[in-house]
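Any read-out appearing in this document is the output of simple, stated calculations on the displayed coordinates, not a laboratory observation. The shown structure was predicted, so the numbers you read here are calculated from the model rather than taken from an experiment. Positions of Cβ are backbone-derived with ideal geometry, glycine not excepted, and every protein chain shown enters the neighbour counts.
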Amino acid sequence: MKRLIGIFLITLLFCTCKKDASVWDIKNLNNNSISCFGHSGMGIFYRYPINSEKSFERCFEMGADGTDFDVQLSKDNKLVLFHDRKMEDGSDCDGYVYDKNWDEIKNCLHKTPLSGKQKIIPANSILDVYGKKKLIFTFDCKLYRDHQTDYYTYIQTYADVLLEFTDKYEITNTSFFETIDTNFIRILLNKKPDLNIFFYSHRFEDALAIANNMNLKGITMEIDQISAEQVDLAHANNRQVTLWNVHTENQNIEAIEKNPDHIQSDKLKHLLKIFDKYKK
């Protein structure tokens with residue numbers, strides 16, 4: 001009897017864990033499918049750091065639909081892929097990206113205790129290799145110069161550099177642009193009214209209201225800050241939804257069950273397997 005119970009429990013566990021995309025009836029604004037994006041590459045748990053060349057390389061090898069970038073603007077107008085406000089928080093350099101020319105940044109190394117030396121890289125190093133692929137690049141615009149007196153000039157320049165960059169690689173119409181700054185959004189829309197802009201916020205009501213008022217493509221929300229019903233409400237307002245802070249395999253499943261349009265996952269391999277996209 002104990003043996004039969006053990007077999008039953010093992011079988012039940014196997015069936016429970018072996019979920020695939022056919023379990024869910026996906027209905028959204030993304031052709032009723034969910035895009036599988038990496039979180040700045042392979043995410044925060046990968047042996048190589050987020051925003052590093054190795055992390056992006058593996059993300060695309062595995063078959064992700066795309067990834068987000070943490071994009072900052074250097075003093076000499078180079079788009080730099082780096083997450084933290086202060087460089088010392090995530091690298092062996094200090095100061096701020098916006099206060100440095102690229103030549104002062106190009107030899108800075110990510111803090112990577114597990115993977116050895118990984119340099120901070122510019123956005124063009126990824127687009128030079130993958131810009132012709134059918135991928136969606138989400139530019140998470142880190143506007144950290146928000147306490148400077150010349151901030152408005154700074155975001156004007158940032159918008160010019162960003163759109164010149166995406167135009168160069170012919171990805172402007174297929175890229176996503178994320179920001180929390182409505183002034184920056186207005187600047188972008190004045191330059192190109194049809195950009196795919198996603199507003200992100202910690203409050204769904206604020207995010208949806210701004211997306212509606214500014215006629216944006218959608219909203220980006222942390223998985224724990226939005227319900228399935230709110231995702232449906234966003235869709236009813238013709239706004240797509242991207243979920244992030246998806247850290248675990250269980251959260252991958254939770255995210256799918258909320259029926260978004262896109263998921264930025266830190267467990268990309270698992271998410272791709274659910275949708276049978278995993279290649280290697």
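A compact table of results
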{"item": "Among the candidates N124, N107, N77, N101, residue that is of a type outside the set (K, R) and over 27 Å from T172 (Cβ atoms)", "result": "N107"}
{"item": "Meets criteria (of a type in the set (S, T, Y), touching a residue at least 60 places away in the same chain (Cβ under 8 Å) and not in a helix (DSSP H, G or I)) for T242", "result": "yes"}
{"item": "Flag for I219 being in a helix (DSSP H, G or I) and β-branched (V, I, T)", "result": "no"}
{"item": "Any hit, region 239-261, residues being farther than 18 Å from F199 by Cα, of a type outside the set (V, I, T) and in contact with a Cys (Cβ under 8 Å, 6 or more places away or on another chain)", "result": "no"}
{"item": "Top-ranked residue in region 38-70 [being assigned to a loop (DSSP other than H, G, I, E, B) and of a type in the set (V, I, T); ranked as farthest from C108 (Cα to Cα)]", "result": "I44"}
{"item": "Number of positions in region 200-222 that are touching a helix residue (DSSP H, G or I) at 6+ places or on another chain (Cβ under 6 Å) and either acidic (D, E) or under 15 Å from Q264 (Cα atoms) (or both)", "result": "1"}
{"item": "Selection status of K75, more than 29 Å from S265 (Cβ to Cβ), surrounded by fewer than 17 Cβ atoms within 10 Å (Cβ to Cβ) and among the charged types (D, E, K, R)", "result": "yes"}
{"item": "Any chance T166 is in a helix (DSSP H, G or I) and surrounded by fewer than 17 Cβ atoms within 10 Å (Cβ to Cβ)", "result": "no"}
{"item": "Positions within region 255-275 being touching a helix residue (DSSP H, G or I) at 6+ places or on another chain (Cβ under 7 Å) and among the acidic types (D, E), in sequence order", "result": "E257"}
{"item": "Subset of region 71-98 [in contact with a strand residue (DSSP E or B) (Cβ under 6 Å, 6 or more places away or on another chain), hydrophobic (A, V, I, L, M, F, W, C) and outside any loop (DSSP other than H, G, I, E, B)]", "result": "V71, L79, V80, L81, V97"}
{"item": "Count - residues of region 99-151 that are surrounded by fewer than 14 Cβ atoms within 10 Å (Cβ to Cβ), outside any helix (DSSP H, G or I) and small (G, A, S)", "result": "1"}
{"item": "Complete set of residues in region 184-197 that are surrounded by 13 or more Cβ atoms within 10 Å (Cβ to Cβ) and either at positive phi or not in a loop (DSSP other than H, G, I, E, B) (or both)", "result": "F184, I185, R186, I187, L188, L189, K191, N196, I197"}
